[in-house]
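The values are calculated or read from the model by the stated rules, or taken from the named source; none is laboratory data. Please read these numbers as outputs of a predicted model, since none were measured by experiment. All Cβ positions, even for glycine, are placed from backbone atoms using ideal geometry, and neighbour counts span all protein chains on display. Each accessible area value is taken on the protein alone, full model and side chains, heavy atoms only, with ligands, DNA and RNA left out. Shrake-Rupley method; radii C 1.70, N 1.55, O 1.52, S 1.80 Å.
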Amino acid sequence: VGGPAMLASQKDFNNAVSQVKLLKEDPGNEVKLKLYALYKQATEGPCNVPKPGMLDFINKTKWDAWNALGSLSKEAARQNYVDLVSRLSASSESPSPEAPAADRKQPESDSLVVTSEDGITTIRLNRPAKKNALTTQMYHDIIAALQAASKDESAITVLTGSGDYYCSGNDLTNFTHLPAGGLEEMARSAAALLRDFVNCFIDFPKPLVAVVNGPAVGISVTILGLFDVVYATDRASFHTPFSHLGQSPEGCSSYTFPKIMGSSKAAEMLLFGKKLTAQEACAQGLVTEVFPDGTFQKEVWARLKAYSKLPPNAMRISKQIIRNREKEKLHAVNAEESSVLRERWQSDECMNAIASFLSRKAKL
Ligand SMILES: CCCCC/C=C/C(=O)SCCNC(=O)CCNC(=O)[C@H](O)C(C)(C)COP(=O)(O)OP(=O)(O)OC[C@H]1O[C@@H](n2cnc3c(N)ncnc32)[C@H](O)[C@@H]1OP(=O)(O)O
């Protein structure tokens, strides 16, 4: 995790183009359309030819597929083409329909589990003994998992937690591992990581669903404004205790929360750390729907499986229309929030609050 992955070379791409012709099984129209679009993007770049007329059905469908790739770079398209062909070749040799995530780079630690099944990629926070608090490694792994999910075959991506908590937010011990550059360097690199992490949610191109299986704290709450749908168990609560911690809002919540729930409700959460029940969060628009805990998993996953069968390109494009005009604003908000937090993390208020938690004097 960390450095950029090596992209496929022109030679890999040429080999993949030849390999397609040798596939033993017809991959079906949907996949052929995807191959066509990636090929065009990889060789010619973003679609800038005129749209065929309504009655020219085949060429219009091909044009739509190419155009849906937007500004994806030639290099990334080449890589996606090579990946897709390699998956098709592998599956035509061994009949293993549940393998879409087998080639995914697995997270560095067991604290994150990524699976792909039934058209859904699930990113599961898996540190139940620590209430799924996010370590520095987990932020990196979630970034990598979102990047992979944005390119995989799944239609929908889900973030959820293992155990009784959804997530207790940032692992406060992250702040205790001081690098050689001291507090200033720690704050600088945490702010850069925070910015990259939140950017991945802002830019995520597919439907993104939070399955909130229990209480949620801190950054796991603030980023919910960047999800498309949020399902919660009635056991969940939503808590952003930034002032208690000497910190300030992140995850674009300083912008999304007032927009979602109105400025005074947002202020009560973000300034005073008011904890919301699941029902309150739903009434204020942060949560889409609340389910009884006893049937939560069954009901939510049945619904998501049904949604994952909807045409994936239509869902992507609809998401683009809904979100794109906000993106520039969200990136600016994220940059500002990260920069303010960089200062906050070096403040006495913040250091005292963290020391207090670590010495068990205070619990939120
Ligand atoms: C680089 C990007 C930075 C992004 C900025 C993000 C900001 C935030 O997310 S701010 C919010 C930070 N989170 C918190 O302040 C929560 C702190 N935790 C608690 O207040 C409580 O643990 C609780 C309310 C979440 C749960 O209480 P309880 O049910 O009583 O369970 P325990 O306290 O016994 O927790 C079990 C175990 O887990 C450890 N733990 C829980 N949360 C965190 C955490 N956020 N960071 C570190 N460790 C956490 C807790 O210490 C216990 O550990 P053991 O004592 O070793 O069993």
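Key figures for this structure:
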read-out	value
Which numbered condition V198 fails, given (1) over 25 Å from E343 (Cα atoms); (2) of a type in the set (A, V, I, L, M); (3) in contact with a helix residue (DSSP H, G or I) (Cβ under 8 Å, 6 or more places away or on another chain)	(1)
Residues located in the stretch 139-174, provided they are within 10 Å of the ligand (Cβ to nearest atom) and open to solvent by less than 50 Å² (accessible area, probe 1.4 Å)	Y139, C167, S168, G169, N170, D171, L172, N174
Pairs with Cβ under 6 Å, 6+ apart, first in the stretch 257-268 and of a type in the set (D, E, K, R), second surrounded by 14 or more Cβ atoms within 10 Å (Cβ to Cβ)	K265/Q284; E268/K274
Test: residue in the stretch 348-359 that is of a type in the set (V, I, T), away from the ligand (no atom under 13 Å from the Cβ) and crowded, with 17+ Cβ neighbours inside 10 Å	no
Residue ID - nearest to the ligand (Cβ to nearest atom), chosen from residues in the stretch 114-138 that are over 23 Å from E30 (Cβ atoms) and within 13 Å of the chain's Cα centre (by Cα)	M138
Count - residues of the stretch 265-289 that are among the β-branched types (V, I, T) and more than 18 Å from L226 (Cα to Cα)	1
Given (1) crowded, with 19+ Cβ neighbours inside 10 Å; (2) touching a helix residue (DSSP H, G or I) at 6+ places or on another chain (Cβ under 6 Å), index of the condition A216 fails	(2)
All positions within the stretch 19-30 that are surrounded by fewer than 16 Cβ atoms within 10 Å (Cβ to Cβ) and either at pLDDT below 80 or within 22 Å of S73 (Cα to Cα) (or both)	K24, E25, D26, G28, N29, E30
All positions within the stretch 36-69 that are hydrophobic (A, V, I, L, M, F, W, C), in a helix (DSSP H, G or I) and over 19 Å from A314 (Cβ atoms)	A42
Residue list for the stretch 175-222, restricted to those being near the ligand (Cβ under 10 Å from one of its atoms) and under 15 Å from H331 (Cβ atoms)	A191, A192, L194, R195, D196, F197, V198
In the stretch 33-68, the residues that are under 27 Å from the mean Cα position of the chain (by Cα), open to solvent by 50 Å² or more (accessible area, probe 1.4 Å) and farther than 21 Å from K21 by Cα	P46, D64, N67
Qualifying residues in the stretch 237-261 (those that are more than 13 Å from the ligand (Cβ to nearest atom) and open to solvent by less than 30 Å² (accessible area, probe 1.4 Å)) - the one farthest from D293 (Cα to Cα)	T256
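For (1) hydroxyl-bearing (S, T, Y); (2) farther than 27 Å from S86 by Cβ, each residue gets a yes or a no:
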position	(1), (2)
V114	no, no
I120	no, no
T136	yes, yes
G169	no, yes
